[in-house]
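Peer 1: Encoded as structure tokens, here's the structure I'll be asking about.
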Amino acid sequence: MPIRRPAVAGRFYPGDAKSLAALVDSLFPDGAPQAEAADTPCAVMAPHAGYVFSGQAAALALAGTRLPETLILLCPNHTGLGHPLGVWPDGAWETPLGAVPVNAELAESLCARGLFAKDTRSHLREHSLEVELPLLQRMAPDSPPSIVPVCVGTQDPRALAMAGGILADVCGQGIRDGSTGILISSDMNHYEDEETTMAKDERALECVLAQEPGALLERCRRERITMCGCGPMALALFCLRALRGTSGPSAPARLVCHTTSGKAFGDYARVVGYASVRVYL
């Protein structure tokens, strides 16, 4: 069974377990995070930069939520390697805090439907899911949720709509009963000044909060909003749309946090935006 070793430990977050656990706990508003909580979003979007930049925003995305038994992890493909919808098929992902098991049965069911494919290459050097795992591990140190890692390397609306339908078919019952959830890993606009980035982020977030995946993809393309997880977020929204049918959103999405990397060092000339969002079924 394949074991995915840490690629950015010691760079994006501490490489030793003690320091990492202490830092993750400090990111949550009340210290050590609690997995047993009342808030039960079906999907959460969290940023994925180094913890000094976006760790607190990522923790706020998860703070006070109840973790499901299994999480579908959707991330962008920063490296360009591998399949456009690459699924890590089985085994586990390691961090300095231990191993997180892959739900091989669910991964197999997803890939059996087409479009998605078993693929480790797209994940080996990709940081955007790895940095989320220590937060989940600290929320449930004895039994973190199993995961199905999916690296999304396309922003084609037709492909993503089809993929969302497949995800809804395979995972729909679990999403409805709360045993399965979706975690989307995404930063927002990249490397423009603070004012421009916040404005562009807000334009993209309007579509996210309205739960309009096609509009999100088109707006990011047309207005050159460099939200790296635009594709993964659209896939998740297409999935939830398929689950709801024609009824439309039955519950609002909620913006939890919106900030930029400028807050870390006081440099607002060239920043990256970070947003945390919760979506409800």
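The values are calculated or read from the model by the stated rules, or taken from the named source; none is laboratory data. Owing to the predicted nature of the structure, the values given are computational and were not obtained by experimental measurement. Ideal geometry is used to build each Cβ from the backbone, glycine not excepted, and the neighbour counts take in all protein chains shown. Side chains are part of the model used for accessible areas, which takes the heavy atoms of the whole protein and leaves out ligands, DNA and RNA. Shrake-Rupley method; radii C 1.70, N 1.55, O 1.52, S 1.80 Å.
Peer 1: Anything in segment 254-273 that is open to solvent by 20 Å² or more (accessible area, probe 1.4 Å) and at pLDDT 95 or above? List them, or say none.
Peer 2: Result: ARG254, LEU255, VAL256, CYS257, HIS258, THR259, TYR268, ALA269, ARG270.
Peer 1: Next question, about the same structure. I'd like the full set of residues that are open to solvent by less than 30 Å² (accessible area, probe 1.4 Å), farther than 19 Å from GLY164 by Cα and of a type in the set (A, V, I, L, M), limited to segment 83-98.
Peer 2: ALA92
Peer 1: Scanning segment 1-35 for residues that are over 16 Å from VAL131 (Cβ atoms) and in contact with a Leu (Cβ under 9 Å, 6 or more places away or on another chain), which turns out modelled with the highest pLDDT?
Peer 2: My answer is PRO29.
Peer 1: Quick one: in segment 25-59, which of the residues that are of a type in the set (Val, Ile, Thr) and within 17 Å of the chain's Cα centre (by Cα) is surrounded by the most Cβ atoms within 10 Å (Cβ to Cβ)?
Peer 2: First, pick out the residues of segment 25-59 that are of a type in the set (Val, Ile, Thr): 40, 44, 52.
Restricting the remaining residues to those that are within 17 Å of the chain's Cα centre (by Cα) gives 40, 44.
Numbers: THR40: 14, VAL44: 23.
Going through the qualifying residues, I end up with VAL44.
Peer 1: Further, regarding this structure: Which pairs do you get when a residue that is within 15 Å of HIS48 (Cα to Cα) and in a helix (DSSP H, G or I), found in segment 10-35, comes within reach of a residue that is open to solvent by 50 Å² or more (accessible area, probe 1.4 Å) and modelled with pLDDT of 95 or more, reach meaning Cβ atoms under 7 angstrom, with the pair 6+ apart or on two chains?
Peer 2: Final answer for the pair search is VAL24/ARG138; LEU27/GLN56.
Peer 1: So, one more: Residue check, ASP201 against (1) over 20 Å from PRO41 (Cα atoms); (2) out of contact with any Cys (no Cβ under 7 Å at 6 or more places or on another chain); (3) of a type in the set (D, E, K, R); (4) open to solvent by 10 Å² or more (accessible area, probe 1.4 Å), all met but one. Which one?
Peer 2: (4)
Peer 1: Please work out which residue is most open to solvent (accessible area, probe 1.4 Å), limiting yourself to segment 72-82 and to residues that are assigned to a loop (DSSP other than H, G, I, E, B) and closer than 15 Å to GLN155 by Cβ. Give the derivation first.
Peer 2: We begin by selecting, within segment 72-82, every residue assigned to a loop (DSSP other than H, G, I, E, B); these are 77-82.
Retained after the next criterion (residues that are closer than 15 Å to GLN155 by Cβ): 77-78, 80.
Details: ASN77: 34, HIS78: 88, GLY80: 63 Å².
For segment 72-82, the residue satisfying everything is HIS78.
Peer 1: Does segment 149-167 hold any residues that are assigned to a helix (DSSP H, G or I) and either open to solvent by 10 Å² or more (accessible area, probe 1.4 Å) or at pLDDT below 95 (or both), and which are they?
Peer 2: Initial filter on segment 149-167 (assigned to a helix (DSSP H, G or I)): 157-167.
Correct list: PRO157, ARG158, ALA159, ALA161, MET162, GLY165, ILE166.
Peer 1: Then there is this: Identify all residues within segment 99-127 that are open to solvent by 20 Å² or more (accessible area, probe 1.4 Å), under 26 Å from PRO47 (Cβ atoms) and free of Cβ contacts under 8 Å to residues at least 60 places away in the same chain; write none if there are none.
Peer 2: PRO101, ASN103, ASP119, ARG121
Peer 1: Would you confirm, using the coordinates I've provided, whether SER185 is of a type in the set (Ser, Thr, Tyr), within 13 Å of GLY229 (Cα to Cα) and in contact (Cβ under 8 Å) with a residue 60 or more places away in the chain?
Peer 2: yes
Peer 1: Are there helices (runs of 4 or more DSSP H) fully within segment 99-139 with at least 3 residues that are closer than 19 Å to SER185 by Cα and modelled with pLDDT under 95? List them. Explain how you work it out, then say what you get.
Peer 2: On the way: elements: 104-112, 121-124, 133-139.
Qualifying helices (runs of 4 or more DSSP H): none found.
Peer 1: Check GLU195 against each of (1) in a helix (DSSP H, G or I); (2) under 19 Å from CYS42 (Cβ atoms); (3) open to solvent by 60 Å² or more (accessible area, probe 1.4 Å) and name the one condition it does not meet.
Peer 2: (2)
Peer 1: Right, SER146: crowded, with 23+ Cβ neighbours inside 10 Å and closer than 22 Å to ALA7 by Cβ or not?
Peer 2: On the way: crowded, with 23+ Cβ neighbours inside 10 Å: no; closer than 22 Å to ALA7 by Cβ: yes.
No; evaluated as a whole, the condition is false for this residue.
Peer 1: Among the residues of segment 204-224 satisfying the criterion of being open to solvent by 60 Å² or more (accessible area, probe 1.4 Å) and of a type in the set (Asp, Glu), which is nearest to ALA49 (Cα to Cα)?
Peer 2: Here the answer is GLU206.
Peer 1: Taking only pairs six or more apart or across chains, which ones have beta-carbon atoms under 6 Å, a first residue in segment 80-95 that is among the hydroxyl-bearing types (Ser, Thr, Tyr), and a second residue that is open to solvent by 40 Å² or more (accessible area, probe 1.4 Å) and part of a loop (DSSP other than H, G, I, E, B)?
Peer 2: Taking only residues 6 or more apart or on different chains, the pairs are THR95/PRO6.
Peer 1: Are there any pairs, at least 6 apart or on different chains, whose C-beta atoms fall under 6 Å, with the first in segment 49-62 and part of a helix (DSSP H, G or I) and the second polar (S, T, N, Q) and open to solvent by less than 10 Å² (accessible area, probe 1.4 Å), and if so, which?
Peer 2: Partner pairs satisfying both residue conditions: ALA57/SER276; LEU60/SER276; ALA61/SER276.
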